[in-house]
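The values are calculated or read from the model by the stated rules, or taken from the named source; none is laboratory data. From a predicted model like this one, the values you see are computed outputs, not experimental measurements. Please note: Cβ atoms are built from the backbone with ideal geometry, for glycine as well, and neighbour counts cover all protein chains shown.
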Amino acid sequence: MLRIYNTLTKKKEIFKSIEPGKVRIYVCGPTVYDACHIGHARSVIVFDVIVRYLRVTGYQVTYVRNFTDVDDKIINRAHELGSSVKELSERYIQEFYEATDALKVERATLEPRATDHIDEIIQVIQRLFDQGLAYQADGDVFYSVERFKDYGKLSGRKLEDMQAGARIEIDDKKHNPLDFVLWKGAKPGEPMWDSPWGKGRPGWHIECSAMSTHFLGQHFDIHGGGKDLMFPHHENEIAQSEGAFGQRFVNVWIHNGFVQINQEKMSKSLGNFLMIKDILKRYHSEVLRLFLLSNHYRSPIDFTHQAMAEAEAGLEKIYALLQRIAEFAGRDTPDPNQQGPGDLWVGFCEAMDDDFNTARAIGLVFDTVRSLNRVMDNRVESGSSETLARLESGRADLMRVGRVLGIGGESPSHFLQQEKAKAVESEAINETLVESLIAERLQARQQKDWERADRIRSELSAMNIVLEDRPDGTTWKVKG
């Protein structure tokens, strides 16, 4: 039974979709004025895994993730670069796809752009006027937060406290400092559209209310995004949508935690913004996925190269086991006649049903890797049908879990060869020499010349080569 922590109610709740067997989910996508950073990566990977899990457990999921393609940041950046807003936003939408495709993130069902839904935005604003929640002032249109009695219910903030401590730029046009813009009056050199309130463009918050309700209905199952969007963006979405349509907007709100860099908040002022494309020059995409899923999605996660090295080593262990089983079984994929899901899959589903606890799920994966490696190491007879059945069952489970987490989907032999080649190149390793020394060490061991064998191992270690002796032979990799 799936339980999800609902940011709105501040507790875990048993999930029950509005329409049996179907889930409608909306996640706020990027504002496309720059390349995607690791914070974007965490959000898209978290919700990618959530959607994959919902689907694999039987739900038909309609997943909508938007692009904000008109905004102050985009306009300012376009002016800096001497580009049009459309050219700039299109460029970074394509970069977003390149980054997320590289991260093996599945495309959303629908990926609307704000500028394609101006009519729907205007319609929602008009409904807010009809409900007495919007007002026009000097060409702009604002939302009156004081007129929405539940304002602050998502973030847990009280309007009077927010007013007392407001650090908002003074705008004499507003009735209240916390009122937010729905429609911005036209300015020279900016994109603009016709509206009942004059030429202009939408504010940021209104686009998500318009697009989510257009595609998913006025009341849908799940809304998600990064924790930084809880206030004011998602708070304002609730005010707009419930104010316009007079009913509950979303049942469950899901927010993922922040990514820190070496225990510091990621910010451009600190110069520690890590772009996805730069991280992927150094690490395999599945390493980044494994790292970002190794903490519970609601918790903060600290990016360090040590943590990434641990994720890299962990991923190699998964692929190395899959390769060992493939060689032992004599086939690259599990036996199609294999029985249904085993213990790992059952435990994985229990972890995921507990608020998508990928951290616990990944722990179970490594427990299984250790257990199956022991089976391989301790087997008495290579042709044992009982051993083979256990290994095939474990491999099938690892691959089932991997399809949800987005890891382990490559050919093990290809992955391990590629990783070894990268390490060899970066360390300038002479592979011929390494293989020669390993063969010499094997000969020494066969002759029971343990001193010579240990000396060769030490020599290889000094070259950053790590050996692993197994019943089926000695393997090697580059340290770190």
- line: Scanning segment 319-348 for residues that are within 30 Å of Y5 (Cα to Cα) and in a helix (DSSP H, G or I), the one farthest from the chain's Cα centre (by Cα) turns out to be D343
query: Which one of Y151, Y143, Y97, Y135 is free of Cβ contacts under 8 Å to residues at least 24 places away in the same chain and aromatic (F, W, Y)?
result: Y97
- prompt: Is at least one residue of segment 416-425 assigned to a loop (DSSP other than H, G, I, E, B) and at pLDDT below 85?
  reply: no
Among the residues listed as T62, T100, the single one being assigned by TED's automatic domain parsing to the domain that holds S212, of a type in the set (V, I, T), surrounded by fewer than 20 Cβ atoms within 10 Å (Cβ to Cβ) and modelled with pLDDT of 95 or more: T62
query: Within segment 252-271, is there a residue that is at negative phi, free of Cβ contacts under 8 Å to residues at least 40 places away in the same chain, among the acidic types (D, E) and not in a helix (DSSP H, G or I)?
result: yes
field: Residue in segment 117-136 that is closer than 19 Å to G189 by Cβ, buried (at least 21 other Cβ atoms within 10 Å of the Cβ) and among the aliphatic types (A, V, I, L, M) present
entry: no
query: Which residue out of V375, V369 is at pLDDT 90 or above and over 28 Å from R52 (Cα atoms)?
result: V375
Unmet criterion (only one of (1) farther than 29 Å from Y63 by Cα; (2) touching a helix residue (DSSP H, G or I) at 6+ places or on another chain (Cβ under 7 Å); (3) of a type in the set (D, E, K, R); (4) outside any loop (DSSP other than H, G, I, E, B)) for E237: (1)
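This table checks each residue for (1) more than 24 Å from D354 (Cβ to Cβ); (2) modelled with pLDDT of 90 or more.
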| site | (1), (2) |
| --- | --- |
| S267 | yes, no |
| N272 | yes, no |
| P300 | no, yes |
| A320 | yes, yes |
message: Looking for something under 30 Å from F15 (Cβ atoms), in a helix (DSSP H, G or I), outside the structural domain of R374 (by TED's automatic domain parsing) and out of contact with any strand residue (DSSP E or B) (no Cβ under 9 Å at 6 or more places or on another chain) - is there at least one such residue anywhere in segment 224-233?
response: yes
Any hit, segment 181-188, residues being modelled with pLDDT of 95 or more, more than 30 Å from V49 (Cα to Cα), over 34 Å from the mean Cα position of the chain (by Cα) and aromatic (F, W, Y): no
task: Scan segment 279-287 and give yes if some residue there is surrounded by 23 or more Cβ atoms within 10 Å (Cβ to Cβ), among the charged types (D, E, K, R) and not assigned by TED's automatic domain parsing to the domain that holds Y92, otherwise no.
output: yes
- request: For N251, state whether it is more than 16 Å from the chain's Cα centre (by Cα) and under 25 Å from H223 (Cβ atoms).
  value: yes
field: Subset of segment 455-478 [surrounded by 12 or more Cβ atoms within 10 Å (Cβ to Cβ), of a type outside the set (V, I, T) and not in a strand (DSSP E or B)]
entry: R455, R457, E459, L460, S461, M463, N464, D472
